[in-house]
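The structure appears right after this line, and notes come after that.
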C-alpha cells in the first residue's frame, strides 16, 4: 500500500499467504484496484485517519448503532467501519448474481416441495429425518400456497473466497437476514467523507434497495387487494437490528409496527391507529417464526399477534419471509444444496459449496472426530458466530469438549474444512494491514423475479488473524463497490 | 397514524418543551443570584425544588439544587431526564420523524450525557444552558420545517403547546416567592425580579417591545397569561394546542366534539375571556393551579381517545423481560 510504503516509519503492507483482494503479489496491485491505489498513495496517514474519524462520528451522530448488551440499559455501539472500499469486477459480480439467483430459485422450489408433495424426501434424495427434524421445519405450513410460490423474499447469503480466489457460498440466510441498512449507509457515509473516490470510479448504486424491497412486498400481496398496505414488524428498540427496521420502514414510507400495534378481527389483520383500525396486507417481519403468533407457536410470546397465523393460512395477509424457511438454511441441509439445484433445475451449481461433513452420517462423524483440529465445527441451530469451533485456532481442551458434544448429539453438528478466507487491506491505527473478509449480497425475490442489489456488505474480521466476521463478535464493515462495465 | 407512534411523538415534544423550560429556569435564577449580590438571606434556589405543596422546602446548597434540576436521575423532570426521554421516544419512532430531527436530538443527547457535561454546567452555566436550550429549540424548528404538516406534526404541536401552558403556569407558581420575598422593598430590586420572571419564560424583550413601559407586576402577569399574540403566553399556547387538536379530529366530529375537544375548548375560552383584574381578584395561585389541573385533564382525554386503548393497557410487561425477548429475535 503506497502511503504506508511511502512513509518510512510505517511497515510495508504484506498480503500474506492468502488471496488478497487488492494485491496479486507484494507491491503488485490488481488492475481494477489501480485507480484506488493511486488515490490512497496521494494521502498522508494523518489524512486517512482524519477521514476515518469523520466517518465514525457520522455513524454516531446518525445513531446507526446496534445494541450489544441486552436490556434497557444496553450500550449502543457503532459497527466499526473501514473506509477503504472493497471492489468487485463486473465479471465477478455477474457470476455471483447468476449463482445466487439459481440457488434461490432452487431453494424456493425445495421449500414448496417440502410443504406439499415432498418428492425429494420420498425418493430418498435427501434424508427425511434431516429435514423433518430440522428446527426450522414447520409442519403448520403444509398444503399452504404462498403468493407467487415465493418463500424467501429477502435473502442474504454469505460468500467467501478461498486461497485461489474462488467464491464459495458459506451459508444461506433465508429467515431474517440483516445488514442491508449498512450497505446503504456505508455508501452514504463514504460519499460524504471521501467524495473524490467516487469521481474516479463507475460504481453501481445500491440506494434503490428499499424501493425494490417495497416493490417485491407489494407484488406478493394477497390477490384480492388492490393497493396493499405494507408494514415492517419489529421486535422493538432493544433488538440489535432495530436501526435497520426503522431505516427500511422510513425509506419505504411504511409503518414500523410492533406486535402490540396489530390485532386480528374477523379473519383479517388490522393495526391500531389514531383513527381506528386500518387493514394490513403484507408484513415484512423481523421476528422469528416462533414468536409470530402465541396461538400457533410459542404461547409465551408477547411480541407476536394472536391469531396472525390463522389469517396467514386463509391467505388474507402475506408474511415476508414466509414461515418455515429455516429448514432450507439449516446448516446440515446446506450440504445437499448442490443436489437440490440439480434436482429441481437440472443445472450444475454455478457457485461452489464448501465441503460439509454432516455429523449425523457415521462416516462423516468419524472423519470429524479424527480431524477436528483442521475443521470448523458448527452447531446446526446456531448463528451469528455462536456455537462454533475453529479447529486450527482452538485449544486441546476446547477440541475435547466439542468431541464429547459431537458424540452425544451428532445431529446437532456439521463440520467444514477451515477456509483461508481472502483478505483486504484495512486501516489499522496508522497503517494498512490485511484482514479477512466475506461478502453478503442481498437478493430480493418477488413475483417479477430475482434481483440482486449490486454491492453488499463486506464484513471484516478486525482482530488480526481472526476468521469470524460477525458484528456480534467484533466484526466491522466496508463499503462494497460493484464496478460498472468500462 | 399508529396510536403508539402518535403517543411517542406527543411525549417527545412535551419532553423537549420541558427541557427548554428547565434550562431557562436555571439560567435565569443564576443571573438573578448575581444581581442579588451578597444578600445571603435571599435563598433563590430551594423554592425551585417544588415547595408548591405548601411545605416550604428546606434550604439546600444552590449547586445541589442545580444538580437536582439538571442531572438528578431520580427526577423525571430533570433536564437530562427530559432529553433522555425525548430521545428514547424519538428512537422508537425514528421512521416517522425526519432524519434531521432525529440527528439533532441524538446529538443533543450525546452532548448532555457526555461525562464532562456536569462540570461544564457548573463552570460556565450560561453557555451550557444556552446550548442545551438552542439544541432543543432546533428540534422544534426542524419539526416545523421538515415534518409533513399532517397528523404527526399536529401531535407534536399539541404536545409542545400543552406542555408550554403547563410550564408557564408552573414557573409562575414556583417563582411566586420572588414576588414577595426579600427584606428590602426597593423598587429597583422588584424590577429586577419581575424581569427575571419574564426572562424565565423567554419573554423579557417581547414584553418591553409590546408595552414599552416600565416593568409592572400586573402587566407582567397579564402578558404571560393573557397575551393573544405572544407564543410564550398561556393564552397563545392553549389556542395553538386547540388548533392542533382540531387538525387531528376528523371533520365529522365537528358537530359532536369528543371529550378532549370539549375540555380544551372550555379551558381556552375561559382564559380568552378573562381579564387581568379578574385573575388578581380571584388570586393568581388559584388561577394558575386551575389552568394546570385542566391542562392535565385535557392530556388525559387525549391519551384515552387517540393514544391508548384497552389492548395496550391490558398488556403490562416488565421492561427487562421485554428487552430480553426483543433482543433474542435472531437477525441472521
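Couple of notes before you dig in:
- When every residue of region A:186-209 is checked against the conditions, none turns out to be surrounded by 17 or more Cβ atoms within 10 Å (Cβ to Cβ) and within 12 Å of another protein chain (Cβ to nearest Cβ).
- Of everything listed in (1) under 27 Å from residue A:379 (Cβ atoms); (2) within 17 Å of the chain's Cα centre (by Cα), the single unmet condition for residue A:284 is (1).
- Answer residue from region A:1-30, given it is part of a strand (DSSP E or B) and touching a strand residue (DSSP E or B) at 6+ places or on another chain (Cβ under 8 Å) and is modelled with the highest pLDDT among those: A:20
- Only one entry in B:312, B:307 is facing chain A (nearest Cβ under 10 Å), at pLDDT below 60 and surrounded by 15 or more Cβ atoms within 10 Å (Cβ to Cβ), namely B:312.
- Enumeration of residues in region A:242-257 that are part of a helix (DSSP H, G or I) and more than 7 Å from chain B (Cβ to nearest Cβ): A:242, A:243, A:244, A:245, A:247, A:248, A:251, A:252
- Summed over region A:306-335, the residues that are in a loop (DSSP other than H, G, I, E, B) and within 11 Å of another protein chain (Cβ to nearest Cβ) give a count of 2.
- Meets criteria (crowded, with 20+ Cβ neighbours inside 10 Å, at pLDDT 95 or above and facing chain B (nearest Cβ under 9 Å)) for residue A:220: no
- Any hit, region B:137-150, residues being farther than 25 Å from residue A:235 by Cα, free of Cβ contacts under 8 Å to residues at least 60 places away in the same chain, within 15 Å of the chain's Cα centre (by Cα) and part of a helix (DSSP H, G or I): no
- Subset of region B:197-224 (residues that are touching a residue at least 12 places away in the same chain (Cβ under 8 Å), under 20 Å from residue B:17 (Cβ atoms) and part of a helix (DSSP H, G or I)): B:197, B:198, B:199, B:200, B:206, B:223, B:224
Results for (1) over 23 Å from residue A:21 (Cβ atoms); (2) in contact with a strand residue (DSSP E or B) (Cβ under 8 Å, 6 or more places away or on another chain), shown as yes or no for each residue.
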| site | (1), (2) |
| --- | --- |
| A:153 | yes, yes |
| A:160 | no, yes |
| A:168 | no, yes |
| A:176 | yes, yes |
| A:180 | no, yes |
| A:197 | no, yes |
| A:203 | no, yes |
| A:208 | yes, no |
| A:217 | yes, yes |
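- Some residue of region B:229-245 being within 14 Å of chain A (Cβ to nearest Cβ), assigned to a helix (DSSP H, G or I), under 23 Å from the mean Cα position of the chain (by Cα) and closer than 29 Å to residue B:305 by Cα: yes
- Looking across region A:45-81, the residues that are in contact with a strand residue (DSSP E or B) (Cβ under 8 Å, 6 or more places away or on another chain), modelled with pLDDT of 75 or more and at the interface with chain B (Cβ under 9 Å from one of its Cβ atoms) come down to A:60, A:63.
- Search result, residues across region A:271-300 that are surrounded by fewer than 19 Cβ atoms within 10 Å (Cβ to Cβ), in contact with a strand residue (DSSP E or B) (Cβ under 7 Å, 6 or more places away or on another chain) and within 11 Å of another protein chain (Cβ to nearest Cβ): A:273, A:277, A:278
- The criterion of at least 1 residues that are modelled with pLDDT under 90 and surrounded by fewer than 19 Cβ atoms within 10 Å (Cβ to Cβ) is met, among helices (runs of 4 or more DSSP H) falling completely within region B:1-115, by B:3-36, B:62-70.
- Filtered by the rule that a residue be surrounded by 19 or more Cβ atoms within 10 Å (Cβ to Cβ) and out of contact with any helix residue (DSSP H, G or I) (no Cβ under 7 Å at 6 or more places or on another chain), region A:236-253 gives A:241, A:242, A:245, A:246, A:249, A:250.
Residue-by-condition table, conditions (1) in a helix (DSSP H, G or I); (2) under 19 Å from the mean Cα position of the chain (by Cα); (3) under 24 Å from residue A:119 (Cα atoms):
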| site | (1), (2), (3) |
| --- | --- |
| A:144 | no, no, yes |
| A:176 | no, yes, no |
| A:187 | yes, yes, no |
| A:192 | yes, no, no |
| A:227 | no, no, no |
| A:236 | no, no, no |
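- All positions within region A:258-270 that are more than 7 Å from chain B (Cβ to nearest Cβ), part of a strand (DSSP E or B) and either surrounded by fewer than 22 Cβ atoms within 10 Å (Cβ to Cβ) or out of contact with any strand residue (DSSP E or B) (no Cβ under 8 Å at 6 or more places or on another chain) (or both): A:264, A:265, A:268, A:270
- Scanning region A:368-408 for residues that are surrounded by 13 or more Cβ atoms within 10 Å (Cβ to Cβ), without any contact (Cβ under 8 Å) to a residue 12 or more places away in the chain, in a helix (DSSP H, G or I) and out of contact with any helix residue (DSSP H, G or I) (no Cβ under 8 Å at 6 or more places or on another chain) yields A:398, A:401.
- The set of residues in region A:125-158 that are surrounded by fewer than 20 Cβ atoms within 10 Å (Cβ to Cβ) and more than 17 Å from residue A:414 (Cβ to Cβ) comprises A:125, A:128, A:132, A:139, A:140, A:142, A:143, A:144, A:145, A:147, A:148, A:149.
- Residues of region A:113-124 satisfying the condition of being part of a helix (DSSP H, G or I) and either buried (at least 17 other Cβ atoms within 10 Å of the Cβ) or touching a residue at least 60 places away in the same chain (Cβ under 8 Å) (or both): A:113, A:114, A:120, A:121
The values are calculated or read from the model by the stated rules, or taken from the named source; none is laboratory data. All values reported here derive from a predicted model rather than from experimental measurement. Glycine gets a Cβ as well: all are built from the backbone with ideal geometry, and neighbour counts include every protein chain shown.
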